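Every number here is computed from the coordinates shown, using simple stated rules; none is lab data. All values derive from a computational prediction rather than experimental measurement. Counting neighbours? That spans all protein chains shown, and the Cβs are built from the backbone with ideal geometry, glycine included.
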Amino acid sequence: MNRLVAGVAAVVVMMASAASCRSVSPVPGGSTGTARSPQNDSGLVTARGPGWTRAGLDGPVPATAGCTYRHAVGGYNLPDPQCTPGAIDPRVTQADIDSTVCRPGGYTASVRPPEAMTNAYKRLAEAAYSDPAPPSSMELDHLVPLELGGASDTRNLWPEPDQGRPAQFDSRAPFGINAKDGVEGRLHDAVCAGQVTLAAAQAAIASDWPTAEARLGLSP
């Protein structure tokens, strides 16, 4: 009888898991993630270090067609907060920005996962968001960018449509290929100049990146 009860319980748990909008399956070749990682006051997931290991990306794989884009002022796309709340590397703090994100060159390259790893997840992310656009017009984006202490956990990665130009949000150094790249560069410069805190910049870009600069009192 105990074995029967245990078997029924296991089936119930499996059915509940399948019904969830996000699975906890590992990224192929990667590690098994969970949607219940610690979150800070801004709702950002605190990743395990950079959010990846040699085994693969950390975090759950969203279910196919389980994520929905939101739309911001100006028609820009925002990720689904249930699938992509944003995740940060706890090793990057306000106290050490001079030796991490603000150091001259080399930081993002030191924490970025191999391209083969992110390319594999990009296909899964596109299936989760059910975007019909060709892959060439999509970027697997870090919602909280690496240059602001973001992690490569799957909860910080989303298929971002290429929209706009960097100069729309960063008139001084418009590096990148789309509008969000401009926001990332502007916020990074502001953090390193002491104009805003790291935590404030992370929260602003994760919640609504097109309005992040205005909400932080920054000009493009």
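Each of Ala116 and Thr93 was given a label point 7 Å from its Cα along the Cα-to-Cβ line. The distance between the two points is 3.6 nm. Computed on the Cα trace of segment 98-175, the radius of gyration divided by the Kirkwood hydrodynamic radius gives Rg/Rh = 1.00.
Stretched out straight at 0.36 nm per residue, the stretch from Gln195 to Ser171 would grow longer than its current Cα-Cα span by 6.9 nm. By the count of neighbouring beta-carbon atoms within 10 Å, fewest first, Tyr76, Tyr129 end up ordered Tyr76, Tyr129. The per residue volume of the convex hull around the alpha-carbon atoms of segment 32-215 is 112 Å³.
Filter the trypsin sites (Lys or Arg not before Pro) in segment 118-220 down to the DSSP loop ones having no more than 12 other Cβ atoms within 10 Å, then list what survives. Sites meeting the loop and neighbour criteria: Arg172.
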